[in-house]
Ligand code: UFG
């Protein structure tokens, strides 16, 4: 049993990772300002310190609950479109958060750090699947902010000996298979919750952003990876940090088009997804699919829910049970 600091542990991927840590008997302290996350998403077994990662007093209060085996840093602004309206805020806040937390970790003698990074590092990739050797050329300020976070951690390693794992998530989706947590963003911009919401009549009809891409059915292809599998990847990455720092691309390795996702939602839910077609969304690459070979080979990670049907089924169950998200709990 060990104790972990999880920043952003009230958010979507963070809360599922807190569950995974608690399930295996670890102790968890969550640092979250609840600006995007939800108090009800923090499992009862975890301790919540409410505050921002770039607030030295909040970070100090969190580290006072240590010592920690490792820090898992999820807290960040994460909307690609938003980041293009306010790039300096995204870069400033995301870099300030990681540097403040990693700096405090080094001071406290905690030398293992797991960063939520993103496929957005790769911008418009030359080829798919995307492995770790591909060119890093973010096409958004969000992607750039995460690249800078990875680079900052490389300096923490050089100077403080801190080891880090940068996990570049592709499209996180689904919900805890036991129904203990789910996806609740405000505003919601992600395809699967919007499609389920439309099918359930909780949200307006969905707009498909472009059907003239160079893909088999003209809609964008993405690699959807179950949030519980993402959480498990964090646990798998930790032992590697005994030896070295790592960067892993994290997806299922299979791409699905927007139309295939809508078909799957309709099939799983047993009702159609009301939708129409609109123009492309700025900054959307035609296809993003991960090669997670390095992660699998080096950590033994294997997704438990690789099938899109299962990802959608768990998401559907959570949204159907929580039509108002965490507000209804
Ligand atoms: N889409 C629609 N209509 C919608 C919402 C989404 O057609 O109303 C489409 C998008 O154009 C895209 C796909 O559905 O082709 C998936 O879109 P999401 O917004 O769900 O996810 P993104 O692929 O845009 O972004 C996700 C994460 C980002 C991360 C990125 C990297 O949310 O944080 O993956 O792959 F940077």
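Considering each of 206, 167 in turn, give the residue that is more than 25 Å from residue 10 (Cβ to Cβ), within 14 Å of the ligand (Cβ to nearest atom), in contact with a strand residue (DSSP E or B) (Cβ under 6 Å, 6 or more places away or on another chain) and in contact (Cβ under 8 Å) with a residue 40 or more places away in the chain. Of the residues listed, the single one that is more than 25 Å from residue 10 (Cβ to Cβ), within 14 Å of the ligand (Cβ to nearest atom), in contact with a strand residue (DSSP E or B) (Cβ under 6 Å, 6 or more places away or on another chain) and in contact (Cβ under 8 Å) with a residue 40 or more places away in the chain is 206. Within segment 59-82, being within 16 Å of the ligand (Cβ to nearest atom) and surrounded by fewer than 24 Cβ atoms within 10 Å (Cβ to Cβ) holds for 77, 79, 80, 81, 82. Examine segment 237-249 for a residue that is within 27 Å of residue 133 (Cα to Cα), within 12 Å of the ligand (Cβ to nearest atom), under 19 Å from the mean Cα position of the chain (by Cα) and buried (at least 21 other Cβ atoms within 10 Å of the Cβ), and state whether such a residue exists. Yes, some residue in segment 237-249 is within 27 Å of residue 133 (Cα to Cα), within 12 Å of the ligand (Cβ to nearest atom), under 19 Å from the mean Cα position of the chain (by Cα) and buried (at least 21 other Cβ atoms within 10 Å of the Cβ). Inside segment 266-290, residues that are within 21 Å of the chain's Cα centre (by Cα) and either in a strand (DSSP E or B) or within 9 Å of the ligand (Cβ to nearest atom) (or both) make up a count of 8. Residue 257 meets the conditions (1) out of contact with any helix residue (DSSP H, G or I) (no Cβ under 8 Å at 6 or more places or on another chain); (2) touching a residue at least 60 places away in the same chain (Cβ under 8 Å) in every case but one. The failed one is (2).
Kindly indicate whether any position in segment 149-156 is farther than 19 Å from residue 243 by Cα, touching a residue at least 12 places away in the same chain (Cβ under 8 Å) and away from the ligand (no atom under 16 Å from the Cβ). There is at least one residue in segment 149-156 that is farther than 19 Å from residue 243 by Cα, touching a residue at least 12 places away in the same chain (Cβ under 8 Å) and away from the ligand (no atom under 16 Å from the Cβ). Residue 106: surrounded by fewer than 19 Cβ atoms within 10 Å (Cβ to Cβ), more than 22 Å from the chain's Cα centre (by Cα) and more than 16 Å from residue 234 (Cβ to Cβ), yes or no? Taking the combined requirement at face value, the residue satisfies it.
Each reported figure results from applying straightforward, stated rules to the coordinates on display, with no laboratory input. Computed from a predicted model, the values in this text were never measured in an experiment. Note that each Cβ is placed from the backbone with ideal geometry, even for glycine, and that neighbours are counted across all protein chains shown.
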